[in-house]
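No lab work stands behind these numbers, since they all come straight from the coordinates. These numbers were taken from a predicted model, which means no experiment stands behind them. With ideal geometry, Cβ positions are generated from the backbone for all residues, glycine too; neighbour counts draw on all protein chains shown.
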Amino acid sequence: MKRNIDKPDYRSMDEARLKHELAGLEQRILGITGDPLDYQHYRRFLDWSQNEAKVNEIEELMSDRCLILNLLFGCHCTPAEVERLEKVNDLLLEMSNRTYHRTADLVRALLVMKKDDMDDDYMIESRLVPTFDFKQELLRHGPSVEVLEPEELRDEMVDDIRRMSENYKI
């Protein structure tokens, strides 16, 4: 993705100017998507949008927004606090990744079992952040998998399946 040469240098701005820039970015995002700020909404927008130019613009605006929010956060933290929070964030990400991989391995193992090896249906419970890759893993198994909870993930899966059926005029 090409970056705009005329883009402001956010890192050199004071807190008031950053807040002003943030408000402007959020208005531009609202103008493109038509909806208030909601990260999940943007992920869905980026997934279904057929307009590559809009997708690229939204991605760049969201990237700038993230940078500004991080800079604003840093305005109120000491360097020691920032370092501590970065370490905690890295640890949480590592834990989430481990949980996802363990759960994905378990799901794969259950799905490759022969029908004769199964006494009954299996229900798998786990705590994880449903990522795009996890949803793809579930969709890959078609009717062999049903998401029961959380409702938000189930609704996203229903939306994805509905859009797929519309693509094939089913």
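Other residues with beta-carbon under 15 Å from the beta-carbon of LYS87 carry, at +1 per Lys or Arg and -1 per Asp or Glu, a net charge of -4. For LEU91 and LEU139 in the same chain, what is the full-extension length gain: residue separation times 0.36 nm, less their Cα-Cα distance, in nm? Once the chain is fully extended between LEU91 and LEU139, it gains 14.4 nm. In this simple spin-label model, placing a label point 7 Å from the Cα along the Cα-to-Cβ direction at both ALA53 and ARG11 gives a separation of 3.1 nm.
Per-residue Cβ neighbour counts within 10 Å put ARG65, ARG127 in the sequence ARG127, ARG65, beginning with the fewest. Among GLU151, GLU26, sorting on how many other beta-carbon atoms sit within 10 Å of each Cβ, with the fewest leading, yields GLU151, GLU26. The separation of the range 7-32 from the range 84-112, counted between C-alpha centres, amounts to 34 Å.
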